[in-house]
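Nothing in this text is a laboratory measurement; each read-out follows from the coordinates by a stated rule. All values reported here derive from a predicted model rather than from experimental measurement. When we count neighbours, we look across all protein chains shown, and the Cβ atoms used for this are built from the backbone with ideal geometry, even at glycine.
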Amino acid sequence: MRVAVVALIGFICAAALVQAQRQDASAKLVEGLPSPTGTFPIGRRHFEWSDPARKISATRSRVVIVSVFYPSAKRSASYAEYLQGARKLPINEKTAFLRDSFGAAWRLIVANKLRSHATANTPILQMGKKWPVLLFSPGLGMVSAAYSVQLEDLASHGYVVAAIDHPYDSPLLALSDGTLIPFDQKTWGEHQPPGPPTLDGIKFGLLRQADWVTDSSFVIQEFHSRSKTSFFNALDLTRVGAFGHSFGGVVAAKLCQTDSLIQACLNEDGELFGRTLKPDQSAPSLDPVLPLKKPVLILTLVEPEMKRIPEYMQLRKASRDDLEKFLNTQTSRSYLIAIDRPDMRHTSFTDIPLLNEDSNRAGSLQLSEFTNKIACAFFDQFLRRGGSTRLDKVLTDNPIGTVGVFPQ
């Protein structure tokens, strides 16, 4: 396993987010992913944007890669490759983190046996109305393409989904000029060595989260600056939500505190109140004195192996108590769904377990289906003003966890 610091779930050490599954050649893989459940065909475009306000050297600004999934004007059976440019990547140290993150499934990707359900660069569907927009950030050390099932599903239901890959914290950014920006293992490892979370590691994570929040706001600004041009003029920038997994889920929740343009936020198993094993050491990702301005839905999951580690459960309980106390002080509505299933893992929010034919695949499929339904229902309610009936029905019909509504 290549990852040291990426053994963080949010900020609580549990299991590696990037599970470098070193299966041998006999590992049984699944050459396909679940189809989107919506009615719209899906397009996908990639953009590379540099933020001139954030210089990282004399000649280069901070850059993000944004993969946009959207309702397409054309339906095609000629789907785009799952991970754009994967087959052209060199096999070297810079690409190793990305290759390891997919484990044995990487061979499906480079053999072009794993396809998306999106068509590259098709025109966006124009229906006389504009599409609501969702920003997405992946888990620390994960590429956004590893969440294609959920991103495509939301696009098939009429959302424009902008998935952001953040430099130095993504496994790899492959820029158009040939530059490769790998995950910054050295710096992360200096702040958070393997083992229980340290206060230095938590505080360093907060700094990186701030970068991601700024990246997200920058992407919205780019959308606004292009709003009168083709493609971007089909986006409704008055209806914008944010969601993400793990580290990216924390960033999504922070956007509901910091960016007035964000109308609703979904956090998929990101730890919002980081703690160390010392009772007096904590550094919350959410500002305790800054209100949540918009509705937030939080999914949490405890892996069964971690229940056997008393120190982890102690951290989890303290963080959960801090979170509930905070949510009860807010005026905006929040939902907290605690998932407790032996066949579901932190990585079950990604596509990767769906590509491996093992004992955890069934649970990962069920979690994927639930997450897609809950995300669509939640954003429909707060971005499309669709009423609470559908969200309530999803919660009632899919009892995979306990549900709390705040403030209580």
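Using Cα centres only, tell me the gap between the range 313-373 and the range 43-122 in whole Å.
Going from one Cα centre to the other spans 26 Å.
What list of ³J(HN,Hα) couplings, whole Hz, do you get for the range 264-274 from phi and the Karplus terms 6.51, -1.76, 1.60, once you set θ to phi - 60° and write x for glycine and proline?
6, 9, 10, 10, 9, 6, x, 6, 8, 10, x
So for the range 8-406, what are the equivalent ellipsoid semi-axes in whole Å, largest first, each being the square root of 5 times an eigenvalue of the Cα gyration tensor? Present the calculation step by step, with values, prior to reporting the outcome.
Details: eigenvalues 158, 128, 104 Å².
The three semi-axes for the range 8-406 are 28, 25, 23 Å.
Using alpha-carbon positions, what is the distance between the centroids of the range 218-285 and the range 377-408, in Å?
19 Å
Using the charge dipole of the chain (Lys, Arg: +1 at Cβ; Asp, Glu: -1 at Cβ; taken about the Cα centre), state which of GLY249, HIS117, PRO167 has its Cα farthest towards the positive end.
Of the listed residues, the answer is HIS117.
Under the Karplus relation 6.51 cos²θ - 1.76 cosθ + 1.60, θ = phi - 60°, what is the ordered set of whole-Hz ³J(HN,Hα) values for the range 194-210, x standing for Gly and Pro?
Those phi angles translate into x, x, x, x, 9, 5, 5, x, 5, 5, 5, x, 4, 5, 5, 4, 4 Hz.
Take every DSSP beta bridge whose two residues both sit in the chain, then give the antiparallel share in percent to the nearest 5. Mind dumping the intermediate values first?
Numbers: 33 of 63 bridges.
Antiparallel: roughly 50 percent of the beta bridges in the chain.
Under 27 Å between alpha carbons, and skipping anything fewer than 8 positions from LYS294 in its own chain: which lysines qualify?
LYS129, LYS130, LYS203, LYS254, LYS317, LYS325, LYS373, LYS393
Hey, got the dipole for the range 246-286? About the Cα centre, +1 on K and R Cβ, -1 on D and E Cβ, debye to the nearest 20? Please list the in-between numbers first.
Working: 3 positive and 5 negative charges, 28 e Å.
Its charge dipole is roughly 140 debye.
Using the Karplus curve 6.51 cos²θ - 1.76 cosθ + 1.60 with θ = phi - 60°, work out ³J(HN,Hα) for each residue of the range 98-112 in order, rounded to whole Hz, and write x for Gly and Pro.
Per residue, the Karplus-derived 3J(HN,Hα) values read 5, 4, 5, 4, 8, x, 4, 5, 4, 5, 5, 5, 6, 8, 6 Hz.
So what's the net charge close to SER246: Lys and Arg +1, Asp and Glu -1, counting the other residues with Cβ under 12 Å from its Cβ? Intermediate values should be presented prior to the final figure.
Values: positive: ARG345; negative: ASP169, GLU268, ASP269, GLU271.
Result for the neighbourhood of SER246: -3.
Return a whole-number percent for the relative contact order of the range 8-406, with Cα pairs under 8 Å and 6 or more residues apart as the contact set.
Numbers: 812 pairs, mean separation 70.2, N = 399.
About 18 percent, as a whole number.
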